[in-house]
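Reviewing the structure listed below.
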Amino acid sequence: MHKGLQTHPNFYFLLLSILQVGLNTVEAVWPLPQTFISSSEQYRLNPQTFYFGYGMQSAAQPGCTVLDSAFKRYFSLIFLDLTSGYGALRFSVDKPFSVEISVDRDDCDGYPSEDSSEKYNLTVSAGRASLNAQTVWGALRGLESFSQLVYQDDFGSYFVNKTEIEDFPRFQFRAILLDTSRHYLPVQTILKTLDAMAYSKFNVFHWHIVDDPSFPYQSRTFPDLSAKGAFHPMTHIYTQSDVRRVISHGRLRGIRILPEFDSPGHTKSWGKGQSDLLTPCYNGGIPSGTFGPINPALPSTYTFMATLFKEVSSVFPDSYIHLGGDEVDFTCWRSNPDVRAFMQAMGFGGDFTKLEAFYMENIMNITSALNKTSIVWQDVFDYHERRSSLSVVEVWKEGCYLCEVRRVAKAGLKVILASPWYLDQPGPSHNWARYYTVWPLAFKGTEEQKKLVIGGEVCMWGEYVDATNLMPRLWPRASAAAERLWSDEQQTSNVDKAFPRLQEFRCKLLRRGIQAEPLYVGHCKHEYQGI
């Protein structure tokens, strides 16, 4: 026997869980709904007599793109064997089963936003399931839950049990960040990530689209940015059509697409296609030929940024935009005589944080004039004296991150927590528990301050990640964070209770074609079949 098996701290519990999962169907939904009552009364589903429909009173009716496409998608996900050819499906003369959806608002043509309700109620009884939601976005979350309730017996027959669910997310902002600058991710990989996000009820895709290594976003206004700044001007870029595809794919799954154009640091690739944007570095009073962050001393910088952000804000419909503002190295600014002269003229003395604050203030004014809410990394909050101009702060640094969350909330600003959910470093999947046992509101503060914590974000930086290893590195560990951000904290504080449910959910991901890595010893009825 492998010695690792003997020494695993939770070995006997894990073994018991694995045996239980093998014996019973874990009738569960991940992330765990706020209220979930299920009984052993089961109803057989026959794909030939199963259908989705709209309730008589529903504000949305046939022709609603979001729900029409969701019905097709979830029919295929629920009855996967019809296309995969698994097992001999034996249909008796079954009664019809309908899933009836009713929404209060017809927001079929819109986009999910920061105040979209995702609340839904789901009742499963004999012959029908009834799903009620305020919005189509809530209906999508309910369809996902229903799809997870369906299971098969050993003969391939489908069943669903009598169930009552009342559900809504604990946090409004539940994001995954992908970095497409350090390694280019093909569009198909991004779309597959959006699919997997919907299975875990994530609702924001934070697209860290450009950075120092490459500028793959193909700008209509400044085509040279990608022509000269991408790894390859034809194969390693996101065209306007690619971006529209990502936005549309996300919309149909209730996922907001949040673009990040990080500056003034992290912009080396920008300088290749836009001259006079970056700061020339000096060595002993002579230009060294190297460049630093964006040059905050030139009026042309702000003209360029205003034009670029005008385009970005018309391409990306979401009301949020991420402006970055992290890890700015002042060495080059310090070496440049023009920048130092500008600082003297502005009365900044030798304080480069004031210069960066001046730059960020200008960029935030540009985006605010475009009716966009800006998100910045915590660095901007830490040195920014005029905090009233900030909107949303993302906390990412290690250390006492809850101390930082408290400071931001105390200043009356909205907070997104990312620090405990950096998944880009490989880790054995049994460390999922450290992403599960995160308590975002465990700081001393008033109820009003705690309400300012709008959610959290799983970050997948791209230094060591591309399409070959993204999926197993992200899933199912990201799903642990998903439950923390969706579900009630008291009901989901126990790792041992969560383990068999997450193991079952990981099997569902495999069955849906997501290469989620194993949590521990065991098997899935439907193992991953390759691409």
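The values are calculated or read from the model by the stated rules, or taken from the named source; none is laboratory data. Bear in mind that the values here come from a model prediction, so they are computed numbers and not experimental data. Positions of Cβ are backbone-derived with ideal geometry, glycine not excepted, and every protein chain shown enters the neighbour counts. Heavy atoms of the whole protein, side chains included, go into the accessibility calculation; ligands, DNA and RNA do not. Shrake-Rupley method; radii C 1.70, N 1.55, O 1.52, S 1.80 Å.
Roughly how much of Thr446 is accessible, in Å² to the nearest 10, using a 1.4 Å probe?
70 Å²
As I understand it, the dipole of the chain uses +1 on the Cβ of Lys and Arg and -1 on the Cβ of Asp and Glu, about the Cα centre. Which of Pro223, Ser157, Gly462 lies farthest toward its positive end?
Positive-most Cα among the choices belongs to Ser157.
Just reorder His526, His322 by solvent-accessible area, largest first, 1.4 Å probe, all chains present.
His526, His322
Please arrange Ser389, Ser40 by accessible surface area, largest first, computed with a 1.4 Å probe and ligands excluded.
Ser40, Ser389
What does the C-alpha gyration tensor say about the overall shape of segment 343-383? Classify as rounded when a/c is under 1.5, otherwise prolate if a/b is larger than b/c, or oblate.
Judged from the Cα gyration tensor, segment 343-383 comes out oblate (a/c at least 1.5, b/c at or above a/b).
Stretch Thr49-Phe231 to full length: gain in nm at 0.36 nm per residue minus the Cα-Cα span?
Taking Thr49 through Phe231 to full extension adds about 60.4 nm, to one decimal.
I need the phi-derived Karplus couplings for segment 285-296: 6.51 cos²θ - 1.76 cosθ + 1.60, θ = phi - 60°, integer Hz, Gly and Pro marked x.
Using θ = phi - 60°, the values come out as x, 10, x, 8, x, 9, 10, x, x, 3, 7, x Hz.
Considering only protein heavy atoms and a probe of 1.4 Å, how much of the accessible area of segment 321-460 is carbon and sulfur, as a whole percent?
Carbon and sulfur: 51 percent of the exposed surface of segment 321-460.
Per-residue HN-Hα couplings for segment 320-326, Karplus 6.51 cos²θ - 1.76 cosθ + 1.60 at θ = phi - 60°, whole Hz, x for Gly and Pro?
Along segment 320-326, the couplings run 9, 9, 9, 9, x, x, 9 Hz.
May I ask what percent, to the nearest 5, of DSSP beta bridges between residues of segment 64-216 are antiparallel?
So the antiparallel bridges in segment 64-216 amount to around 55 percent.
With both partners inside segment 178-310, how many of the DSSP beta bridges are antiparallel, as a percent to the nearest 5?
Looking only at bridges with both residues in segment 178-310, the antiparallel portion is about 35 percent.
Output needed: Cys residues of the chain lacking any neighbouring Cys C-beta below 4.7 Å, sorted by number.
Cysteines lacking a close Cβ partner in the chain: Cys459.
Which of the GluC sites (Glu not before Pro) across segment 452-531 are loop residues per DSSP, with 15 or fewer other Cβ within 10 Å?
Glu463, Glu489, Glu527
Only bridges with both residues in the chain count here: give the DSSP antiparallel percent, nearest 5.
35 percent
So with the 1.4 Å probe, I'd like the accessible area per residue for the chain, rounded to whole Å².
42 Å²
Count charges around Ser269 for me, please; just the other residues with Cβ under 9 Å from its Cβ, Lys/Arg as +1, Asp/Glu as -1.
+1
Kindly report, to the nearest 10 Å², the accessible surface of Asp379 as traced by a 1.4 Å probe over protein heavy atoms only.
Around 20 Å² of this residue is reachable by solvent.
Using a/c under 1.5 as the rounded threshold, could you call segment 348-505 rounded, prolate or oblate? The axes a ≥ b ≥ c are square roots of the C-alpha gyration tensor eigenvalues, and prolate needs a/b larger than b/c, oblate otherwise.
It comes out prolate by the Cα gyration axes.
Given a 1.4 Å probe and the protein chains all in place, what does the accessible area of Asp109 round to, in Å² to the nearest 10?
130 Å²
Order the following by accessible area, largest value first: Arg511, Arg407. Probe radius 1.4 Å; ligands, DNA and RNA are ignored.
Highest to lowest solvent-accessible surface, that is Arg407, Arg511.
Determine, at each q value in 0.06, 0.08 (inverse angstroms), the log₁₀ of I(q)/I(0) that the Debye formula gives when each Cα of the chain is one equal point scatterer.
One equal scatterer on each Cα of the chain leads to -0.32, -0.56.
Nearest 10 degrees is fine. How inclined is helix 401-410 to the longest principal axis of the chain, computing both from alpha carbons?
70 degrees
What list of ³J(HN,Hα) couplings, whole Hz, do you get for segment 142-150 from phi and the Karplus terms 6.51, -1.76, 1.60, once you set θ to phi - 60° and write x for glycine and proline?
Coupling constants for segment 142-150: x, 5, 4, 4, 4, 4, 7, 6, 6 Hz.
Kindly provide the helix-only [θ] at 222 nm of the chain, computed as the sum of -39,500 (n - 2.57) over DSSP H runs of four or more divided by all residues, to the nearest 500 deg cm²/dmol?
Calculated from helices alone, the mean residue ellipticity at 222 nm is -10500 deg cm²/dmol.
Among the lysines, which have Cα under 26 Å from the Cα of Lys192 when same-chain residues fewer than 8 positions away are ignored?
List returned: Lys72, Lys119, Lys201, Lys508, Lys525.
Could you tell me which of rounded, prolate or oblate describes segment 232-276, using a ≥ b ≥ c as the square roots of the eigenvalues of the alpha-carbon gyration tensor, with rounded for a/c under 1.5 and, failing that, prolate when a/b is larger than b/c and oblate otherwise?
It comes out oblate by the Cα gyration axes.
Under 16 Å from the Cα of Lys272, which lysines turn up, not counting those fewer than eight places away in the same chain?
Cα-Cα hits under 16 Å: Lys228.
Given H placed on each backbone N at 1.01 Å, which residues far from His206 in sequence or on other chains put an amide H within less than 5 Å of it?
Amide H neighbours of His206, under 5 Å, 5+ apart: Ile176, Leu177, Leu178, Leu258.
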